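Taken together, the values in this text are just the output of simple stated rules run on the coordinates, not laboratory data. Given the structure is predicted, the values throughout are model-derived calculations rather than measurements. Please note: Cβ atoms are built from the backbone with ideal geometry, for glycine as well, and neighbour counts cover all protein chains shown.
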Amino acid sequence: MRKTVLMSLLLFVTFALQAVAQMQEPIHFKSELKKKSATEAEIVFTATIDDGWHVYSTELPDGGPISATFNVDKMEGVELVGKLTPVGKEEDKFDQMFQMQVRFFEHNAQFVQKIKITGATYSIEGYLQYGACNDQNCLPPTSVEFSYSGKGDPNVAATAKTPESKKDEAVAATETTEEAENTAEVEAADATAGNDSIAATTAVSAGSDLWTPVIDELNAYDNHTDSSNSSWIYIFFAGFLGGLVALFTPCVWPIIPMTVSFFLKRSGDKKKGIRDAWTYGASIVVIYVALGLAITLIFGASALNSLSTNAIFNIFFFLMLVVFAASFFGAFEITLPSSWSTAVDSKAEKAGGLLSIFLMAFTLSLVSFSCTGPIIGFLLVEVSTSGSIVAPAIGMLGFAIALALPFTLFAMFPSWLKSMPKSGGWMNMIKVVLGFLELAFALKFLSVADMAYGWHLLDRETFLALWIVLFALLGVYLLGKIKFPHDDDDDKVSVPRFFLALISLAFAVYMVPGLWGAPLKAVSAFAPPSSTQDFNLYKADEVHAQFENYEEGMAYAKSVGKPVMVDFTGWGCVNCREMESKVWIDPKVREIMTKDYVLISLYVDEKAKLPEKITVEENGQQRVLRTVGDKWSYLQRVKFGANAQPFYVLLDNDGKPLNGSYSHDEDIDKYVKFLQTGLDNYKKKNNK
């Protein structure tokens, strides 16, 4: 009985957490009317914004995020004064997702619309529409409804306008209203002719099976993945790999046998020597993890999240990596003051027990800094700009475990020391290779700053040209045709070195078609977007939706006996475009989507007006659906319990889910499995 109750409780908590993950409410708005005098007032909208999210300001450029706008449905005895005005600390930065300069608010936002009261009584109804995004996705255009009425100053209202002017104003208002209505009708008619979405039913029917909520069924498939955990694993192994590389540098490798021998001879007891080596390794882990935690504490969560798009930080990282690369090439040595290591070493000799071992580990960290510093610097740059608060500590944990591992293993198995490769020129070769790699990654950070300031110095073809040259030079170096100051005169090329040269040269050749627009998926995460490329001969076989209307698409799918893929997207959704250009064009994905599914794309930011406004009740509040985008956004919320894009869901002909949902994840194999699982489940249902 206990197990049954516990399992039920765990399932309930799991479904609740999944529902919360799907339906995001990171922005909380309220509105109020503030009267300044008998004839002047302000409608003030105030928002509280969750960490990591931001609300966009007013009058942003076309093709970008949703701007905040003030919209009036009904207005009597009131005039608008000026435009909607943003108030408070407004950020003005380059947005990588939209590839443009945008203005937005974090943590708190406020918008003010001034009005003039011109009547003895007044009333005004309408809504504030705004857009909000985080680093992964965006919310659909969201409305904040308001309605205010009251009494004005009769004396001021009577003298404010003559009867003739009132009459003229009424006529003008009527003409304006009629003109607006006619324009809306024309736009709706035009959209109907060219877009299936306007042919939708004009009312949301709560009794329609196609609109019946399926949130529980969707969550029951339980195929949601925790991307944060997977990214943490990636960061850990990246740090671990960095630690392994650091082991083979001239500053660390020669120290291993000396340190292990010291532990074994110092005690005369093998067990105590092994215990001391374990303590030494644990001390290394503590030191580097503490460094990672210090990065988080110094910068804080919000600063780490903003590093990825901050131009100044990216320029700093670029310069830092260039300096580290020059150091690896042999131009100079990056060392800490020798007095630091000497002071720590002398204290280690005087201290006893665990403290002396910890101080010895700290001495190793200082002495080896000239080799490990550039690797640690690059690792911290990468994980800090990943947006994860704990990433620096996780990266340093992996680095420290790899660095500490040989000290412990060689202490446990001393005979292995005899088989250790001797120090030599191969270690300097590793440093030079790292120098080339750090130069290549430095360009990534410079490209972010270049886009932020609009310099256009490092567009995609320029970036790729520099990478082609760098990896070609790396291949030539590995073949022994280029020498740096610390390289020996040995002209022989070892077999491992030859294969590394082959890989580097092949990678350089692979990138050459990118100069003419080839997608180069292997480097798409590092290179600037293809939109920055001037000369592009590449044309992808794109996948297009068969319908942009939910009901019509579902009816067609039922008539032809195919499952449905509903794609909740947006015109301003950059992650949606990335999925379409990187995942949908894959031959396997394209074949399944075009042959086996009916694709319905629903744009939640579609501005075409509905033939009639629809009033719905949601979470105890009344909402007005004015546009086609409002309707599809409402469908996504009430039926699937989600409100972020991209959002993909597979349905049978009754509107029931065939699989769990899928969002922004560019893993093609996962996407193929997602589609194939839904197709298999559809066939099973139909065969019953």
task = Rank these for me by crowding, V649, V433, V44, V628, going from fewest to most other beta carbons within 10 Å.
result = V44, V433, V649, V628
inquiry  = For q values of 0.11, 0.16 Å⁻¹, compute log₁₀ I(q)/I(0) with the Debye formula on a Cα-only model of the range 541-687, without solvent.
reply    = -0.41, -0.86
task = Answer with one residue from W53, G131, V78: the one whose Cα lies farthest towards the positive end of the charge dipole of the range 27-158, charges on Cβ with Lys, Arg +1 and Asp, Glu -1.
result = V78
ask   = Here are some pairs, K30/K631; K595/K685; K444/K483; K613/K673; K431/K492; which of them have Cα atoms lying more than 29 Å apart in this structure?
value = K613/K673
inquiry  = Going through the cross-link list K83/K607; K562/K607; K74/K639; K521/K562, which pairs have a Cα-Cα distance over 28 Å in this structure?
reply    = K562/K607; K74/K639; K521/K562
request  = Apply the Karplus parameterisation 6.51 cos²θ - 1.76 cosθ + 1.60, with θ equal to phi minus 60°, to every residue of the range 581-595 and state each ³J(HN,Hα) to the nearest whole Hz, in sequence, with x for glycine and proline.
outcome  = 8, 10, 10, 5, 7, 4, x, 5, 5, 4, 5, 5, 5, 7, 9
note = Everything considered on the Cα gyration tensor (a ≥ b ≥ c; rounded for a/c under 1.5, else prolate if a/b is larger than b/c, else oblate), the range 27-158 must be described as prolate
remark   = Quick note on S419, S123, S67, ordering by fewest other C-beta atoms within 10 Å, gives S419, S123, S67
note = Going fewest to most other Cβ atoms within 10 Å around each Cβ, K595, K481, K116 line up as K595, K481, K116
key: Segments 277-285, 408-416 sorted - mean Cβ within 10 Å per residue, highest first   = 277-285, 408-416
message = Can you tell me, using C-alpha contacts under 8 Å and at least 6 residues apart, the relative contact order of the range 541-687 as a whole percent?
response = 28 percent
